[in-house]
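Beneath this line is the structure, given in structure tokens, with notes to follow.
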Amino acid sequence: MKRVLFLTGTRADYGKLKSLIKRLEAEVGFEPFVYVTGMHTLSRYGYTAQEVIKDGYKNIYVNINHHAGDPMEMVLANTIKGMSRYVYELEPDMIVVHGDRVEAFAGAIVGVFTNTLVAHIEGGELSGTIDESIRHSISKLAHIHFVSNKDAYSRLCRMGEDPNSVYEIGSPDYDVMFKGELPSIQDVKRYYEIPFDEYGIVIFHPVTTERDQFKIYSDSFVEAINESGKKFVVIYPNNDDGGEYILDAYKKLNPKHTKIYPSVSFERFITLLKNCTCMLGNSSAGIREAPCYGVPVVDVGTRQDGRFKHNCIMNVDYDKQSILDAIHGQWGADYSGCKVNRFGDGRASERFFAILNKSKVWSTSLQKRVCNELC
């Protein structure tokens, strides 16, 4: 029986990990454990730990690693401390982390120092802001890599990772997106009491390297939304430094034209995205998920610099007029004929299980070395 510990710190990474956890829970020979921490545990962001608990996993542990406003380095330290104790008690065979958040970084650090195999989901991606440094740091700590496409595979090899430890499985959230089991838009609107027939989605995150400017950026962003006259479903930003400026600016949103939510569950969010008229902000969902449905995207600022850009995505600066012009230009634009998917085919959990079901992966060396082998 292999004990596989999944760490989730945000609503976003849980959407990526969910199909993998469920797959292992259904298979003989594996015992998945879910360590829930980070934004999940904060009431300000909707206490989304409850969403994980509702999914009914057999083994769940919730740890509060910070309070709203704690600096990122303190969150990192707290997560290492809490998870270290848990790992020593559980003695898992593998720790699975996703992406580029400080909780995932902490999980990788704990795994390395406890001689536990670390598997990283979606390494080799380009993130922008501090997230990219964190993602690549996790990749250098991780022993095993499950990547979304050949571009990410190639980047990890160029970073010196052993090609034999890099597996292309696709993005796991596509397993949920492409299986036809999403709730209906009518049910989602009823659940969240959304009165708009036509709406856009707003997700705007802080950029930690631009923190000092983000009050001005947030105010301009909100002014553009208000002046557009369009209806929007607004979802809170993540809890990075600078997020308080965004939340303060949201108090100025026109309440007749906006509905604001601390969080939206992954399946319901995908339904909202699939049926929206436009997506606005700087979330990776505008880069990865929206193009699958041909949704017009207004990508604001620098957070997604360097990432894949489809022709349904319009990038603009932070000034109000640029954002306003882009909203009007993208609102209702028809990209249905050019949907694109660069990150998988909805079979990630199937591939993930097939790999973990072979002895090869469990014999991966704990001793990391820089590999000069070309991909």
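The values are calculated or read from the model by the stated rules, or taken from the named source; none is laboratory data. Every value quoted in this text rests on a predicted model; they were computed, and no experiment measured them. Backbone-built Cβ (ideal geometry, glycine too); neighbour counts: all protein chains shown. The protein model used for the area step is the full one, side chains on, heavy atoms only, and it has no ligands, DNA or RNA in it. Shrake-Rupley method; radii C 1.70, N 1.55, O 1.52, S 1.80 Å.
Worth pointing out:
- Counting only helices (runs of 4 or more DSSP H) wholly contained in segment 1-110, the ones carrying 2 or more residues that are closer than 25 Å to Lys140 by Cα and among the hydrophobic types (A, V, I, L, M, F, W, C) occupy 11-25, 72-90.
- Within segment 335-346, one or more residues are farther than 25 Å from Asp13 by Cβ, at pLDDT below 95 and small (Gly, Ala, Ser).
- Tally, over segment 237-262, of residues that are farther than 16 Å from Glu223 by Cβ and open to solvent by less than 20 Å² (accessible area, probe 1.4 Å): 5
- Test: residue in segment 204-217 that is surrounded by fewer than 15 Cβ atoms within 10 Å (Cβ to Cβ), of a type outside the set (Lys, Arg) and at positive phi: no
- Test: Lys256 is within 28 Å of Gly329 (Cβ to Cβ), among the basic types (Lys, Arg) and not in a helix (DSSP H, G or I): yes
- In summary, Phe343 fulfils each of the numbered conditions (1) closer than 30 Å to Ala108 by Cα; (2) aromatic (Phe, Trp, Tyr); (3) crowded, with 16+ Cβ neighbours inside 10 Å; (4) over 17 Å from the mean Cα position of the chain (by Cα) with the single exception of condition (4).
- Selection status of Lys231, touching a His at 6+ places or on another chain (Cβ under 6 Å), under 22 Å from Gly332 (Cβ atoms) and charged (D, E, K, R): yes
- Just so you know, in segment 155-181 the residues that are part of a loop (DSSP other than H, G, I, E, B) and open to solvent by less than 40 Å² (accessible area, probe 1.4 Å) include one that is nearest to Lys22 (Cα to Cα), and it is Pro172.
- Residue within segment 271-292 that is under 26 Å from Gln50 (Cα atoms), acidic (Asp, Glu) and surrounded by 22 or more Cβ atoms within 10 Å (Cβ to Cβ) present: yes
- Check on Arg351, of a type in the set (Lys, Arg), under 30 Å from Ala142 (Cα atoms) and not in a loop (DSSP other than H, G, I, E, B): yes
- The number of residues in segment 124-154 being aliphatic (A, V, I, L, M), surrounded by fewer than 24 Cβ atoms within 10 Å (Cβ to Cβ) and under 18 Å from Ala348 (Cβ atoms) comes to 2.
- For first residues located in segment 152-174 and of a type in the set (Lys, Arg), partners that are part of a loop (DSSP other than H, G, I, E, B) and lie 6+ apart or on another chain with Cβ distances below 6 Å form the pairs Arg155/Gly124.
- Put simply, of Asp317, Asp299 the only residue that is under 30 Å from Ile216 (Cα atoms), within 25 Å of the chain's Cα centre (by Cα), surrounded by 16 or more Cβ atoms within 10 Å (Cβ to Cβ) and in contact (Cβ under 8 Å) with a residue 12 or more places away in the chain is Asp299.
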